[in-house]
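Have a look at the structure below before the remarks.
All of the numbers you see were taken from the coordinates with simple rules; none came from a lab. Keep in mind that what you see is a predicted model, and the values were worked out from it rather than measured. Backbone-built Cβ (ideal geometry, glycine too); neighbour counts: all protein chains shown.
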Amino acid sequence: MSDAQVNVLLFSDDSETRKAIKDAVGVRASKDAPTIVWHEAATAYGVHDLVDSVEFAALVLDAESPKEGGLSIARELATTHEELPPLVVLTARPQDEWLATWAGAAVTIPAPFDPITVQESIAHVLTA
């Protein structure tokens, strides 16, 4: 078991989506993964502000946020930052995986969010 702590950014305009992801993962995605300190953002501005001020081990971005979705934010971050942590993108359906991959996602998680899939996906990017 790792004693390390990592910061993970969770972006969604929907508080229920953020809660579902955090509840699925908890504070440790697996016994080999570090402890997670969650940082939440509900707007694109919040994401940019946090990414500029905190070192993250992973970014979890909701592609379905209506004003500015996670895919748009991912592309913008890729053009404004030399290095980014792995991106986990939440999609509405499995068919959107190609678009999330194009936007730079290391992992995509389609809705409905299965807690085991969410937990394993986050553990994968934190221990890779």
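Values as computed for the structure displayed
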{"item": "Cα gyration tensor category, rounded, prolate or oblate, for region 5-126 with a/c compared to 1.5", "result": "rounded"}
{"item": "Under DSSP loop assignment and at most 15 Cβ neighbours within 10 Å, longest GluC sites (Glu not before Pro)-free interval of the chain", "result": "1-54"}
{"item": "Centre separation in Å (Cα based) which lies between region 94-118 and region 5-48", "result": "15"}
{"item": "Residue 90 long-range amide H proximity, modeled H, under 5 Å", "result": "61, 62, 63, 109"}
{"item": "Nitroxide proxy distance, nm - points 7 Å out along Cα→Cβ at residue 116 and residue 68", "result": "3.8"}
{"item": "Helix-only CD estimate at 222 nm, as mean residue ellipticity for the chain, using -39500 (n - 2.57) per DSSP H run (n ≥ 4)", "result": "-12000 deg cm²/dmol"}
{"item": "Percentage relative contact order, the chain, counting C-alpha pairs under 8 Å, at least six apart", "result": "27"}
{"item": "Label zone at residue 99, where the point sits 7 Å out along the Cα-to-Cβ direction: region 9-33 residues whose backbone N lies under 17 Å", "result": "12-13"}
{"item": "Candidates per trypsin sites (Lys or Arg not before Pro) in region 27-95, loop by DSSP, up to 10 other Cβ within 10 Å", "result": "31, 67"}
